[in-house]
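The structure under discussion appears below in the form of structure tokens.
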Amino acid sequence: MNILIVYCHPSKKSYTFQVLERLKNVISKQDWYLEISDLYASNFQSDLSETEYEREGFAKLDLPISEDVLAEQKKLENADCVIFLYPVWWSDCPAKLKGWFDRVYSVGYAYGQTETFPKMKTVPFGLVICTAGHPNDFLNEIKMAQSMETIMLEDRLGKRFENKEMVILGGTLELEKVMEGHFILIEEIPAKIKSFRF
């Protein structure tokens, strides 16, 4: 089993980093290969260049794809499961992760495919895990949870993933009340992945 974690947070002092460490520990107990794309640690360029925009905006498949994007696409091709881990900032993922989708989901690869250009495979399982200050009940009440799920699962993961799920680790403004429950959810993730039997 090949697991890819696309991780997006700038600080090792954050709760999201604690979740990453716990997740790595849980996965390490399995006989699985784990790869991590740490977008801040690698200083992943989130903005489209002018050339990249021309390639995307005008579907100019003859224009080159950047080496850093090709490296991320290769990780996707190797993955049986991709876990996206990030904090909720202003109702969405950080800009750097949004930029990862902007650049890695290049035309001809993730959409606008042609017969002559290699296209993105359908990844068996995609799991979105995000940490949020507000409790889940509140995020559901104001329809924020549903909005985030629609954007991440139906648009960004979409048909590119055979199975997909979102786990919101909410209530982090009162961390002592929710951490134990969050870590139980993390412990259950390998069983969740195995349940798809790919």
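The values are calculated or read from the model by the stated rules, or taken from the named source; none is laboratory data. Just so it is clear, the model here is predicted, and its values are computed rather than measured. When we count neighbours, we look across all protein chains shown, and the Cβ atoms used for this are built from the backbone with ideal geometry, even at glycine. Quick note on the areas: whole protein, heavy atoms, side chains included, nothing else; ligands and nucleic acids left out. Shrake-Rupley method; radii C 1.70, N 1.55, O 1.52, S 1.80 Å.
The candidate values were [x] 159; [y] 114; [z] 123; the one computed from these coordinates for volume of the Cα convex hull per residue in Å³ carries the label [z]. Considering only Met120, Ile142, Pro190, the residue lying farthest towards the positive end of the dipole of the chain is Pro190, judged by Cα position with unit charges set on Cβ.
Expressed per residue, the C-alpha convex hull volume of the range 2-105 stands at 108 Å³. Since only Cys130, Asn2, Ile36 are under comparison, the one whose Cα sits farthest along the positive direction of the charge dipole of the chain, derived from C-beta charges on Lys, Arg, Asp and Glu, is Asn2.
Among Glu187, Glu115, Glu54, the largest mean-square fluctuation in a Gaussian network model of the chain (Cα springs under 10 Å) belongs to Glu115.
Peptide packing for 123-132, 177-186 was compared via the average number of neighbouring C-beta atoms within 10 Å per residue; ordered from the highest value, the list is 123-132, 177-186. Taking every protein chain into account, the accessible area of the range 1-134 amounts to 48 square angstrom per residue (probe 1.4 Å). Applying the criteria of a DSSP loop state and at most 14 other Cβ atoms within 10 Å to the trypsin sites (Lys or Arg not before Pro) of the range 87-153 yields Lys119, Lys121, Lys143. With 0.36 nm allotted per residue and the present C-alpha distance subtracted, the Glu187-Trp32 stretch has 54.3 nm of extension available.
The share of accessible area on the range 1-113 that comes from carbon and sulfur is 49 percent, using a 1.4 angstrom probe.
For the range 68-130, DSSP calls about 10 percent of its internal beta bridges antiparallel. Gain on full extension, evaluated as 0.36 nm per residue between Lys119 and Glu77 minus their Cα-Cα distance, stands at 14.1 nm.
Of all DSSP beta bridges confined to the chain, the antiparallel ones make up roughly 5%.
Taken about its Cα centre, the chain carries a charge dipole of about 380 debye when Lys and Arg each add +1 at the Cβ and Asp and Glu each add -1 at the Cβ.
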